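Peer 1: Next up is a structure, given as structure tokens.
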Ligand code: APR
């Protein structure tokens, strides 16, 4: 199986990796739906929605600063580094991630589509102001836009919000025009990201899932490996 996956990657003109919280699990960042997942402790509708932010921006920011504190000292793992290495091997390679932790860029990946935004970016809820702020502290909560004084919000996609059309279009395009898609560490339940492997399969792409648990797309994949991202990266390296 792994030999076949390595062979297909080595022969691929274009490959894509769709990643979820599971690829960052072994960097020490909690997933959302697993045993100790974030959604076991918090209700997404109370914190990760525009209505929650409207109702209590200070609470939402306290939660995101806490989530930043979970990420700020974490490093990419061999799963992230494998994808950065594949980008140097495959003529065209894209990482399409649902993660907002920024670890793919930290591992050296360049072609990254962040479908759900980035926890280190902030944007104004009114004007177009954006900034990167790699800190888990704030002088004032909730922070205000330095340009127009309106509330600053985390530059992430909340439940009930649309993804950036450009990011989604690019993600669909790359998913449908690649030779191999690796789907690593996602429960494949949140749309529209969860439809990308199906679109790839319908376009004749060889789809490989890497996840210790089965997911709704496991049966549809050409190969579905019951393993973690690090184990997969270590095992695949032997054939690359
Ligand atoms: N390696 C690979 N996968 C793993 C590992 C590991 N070491 N450990 C756990 N997993 C798998 C779990 O089995 C699970 O299927 O990672 C998946 C994580 O699923 P979720 O927690 O649902 O995360 P994700 O799929 O990224 O969620 C999608 O939902 O809450 C929103 O916006 C949030 O981007 C997130 C989206």
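Peer 1: Once every DSSP H run of n ≥ 4 in the chain is given -39500 (n - 2.57) and the sum is divided by its residues, what mean residue ellipticity at 222 nm do you get, rounded to the nearest 500 deg cm²/dmol?
Peer 2: -10000 deg cm²/dmol
Peer 1: Given the options 14, 40, 74, state which has the largest fluctuation in a GNM of the chain using a 10 Å cut-off (strictly under) for Cα springs.
Peer 2: 40
Peer 1: Let me ask something additional. Starting from the coordinates of the alpha-carbon atoms of segment 92-150, obtain the Kirkwood hydrodynamic radius over all distinct pairs and give the value in Å to one decimal.
Peer 2: 13.1 Å
Peer 1: Picking from 42, 93, 53, which is most flexible by a Gaussian network model of the chain using Cα springs under 10 Å?
Peer 2: Of 42, 93, 53, the most mobile in the Gaussian network model is 42.
Peer 1: To the nearest 10 degrees, how steeply does helix 165-176 sit against the main Cα axis of the chain, on a 0 to 90 scale?
Peer 2: Result, in degrees: 10.
Peer 1: Of all beta bridges DSSP finds with both residues in segment 1-132, what is the antiparallel percent, to the nearest 5?
Peer 2: About 25 percent, rounded to the nearest 5.
Peer 1: Let me make sure I get this right: for segment 62-132, a, b and c are the square roots of the gyration tensor eigenvalues over alpha carbons, sorted descending. Under 1.5 in a/c it's rounded, otherwise prolate if a/b > b/c, else oblate. Which is it?
Peer 2: oblate
Peer 1: Summarise the long-distance tail of P(r) for segment 1-82 by giving the % of C-alpha pairs beyond 18 Å.
Peer 2: Of the Cα pairs, 59 percent sit more than 18 Å apart.
Peer 1: Further question: Ranking 239, 64 by Cβ neighbours within 10 Å, fewest first, what do you get?
Peer 2: Listing 239, 64 from fewest to most nearby Cβ atoms yields 239, 64.
Peer 1: Further, regarding this structure: Would you mind ranking 19, 215, 97, 49 so that the residue whose beta carbon has the fewest other beta carbons within 10 Å leads the list?
Peer 2: Ascending Cβ contact count within 10 Å gives the list 49, 215, 19, 97.
Peer 1: Now for a different question. Using every alpha carbon pair in segment 125-226, what percent of pairs falls into each 10 Å bin from 0 up to the bin containing the largest distance?
Peer 2: 13, 33, 23, 19, 11, 0
Peer 1: I would also like to ask the following. Please build a GNM for the chain, connecting alpha carbons under 10 Å apart, and tell me which residue among 75, 139, 176 fluctuates the most.
Peer 2: Highest fluctuation among the options: 139.
Peer 1: Moving to a separate point now. DSSP beta bridges in segment 82-240, what fraction antiparallel, as a percent rounded to 5?
Peer 2: Approximately 40 percent, going by the DSSP bridge assignments.
Any read-out appearing in this document is the output of simple, stated calculations on the displayed coordinates, not a laboratory observation. Owing to the predicted nature of the structure, the values given are computational and were not obtained by experimental measurement. Methodologically, a virtual Cβ is constructed for each residue, glycine included, from the backbone with ideal geometry; neighbour enumeration extends over all protein chains shown.
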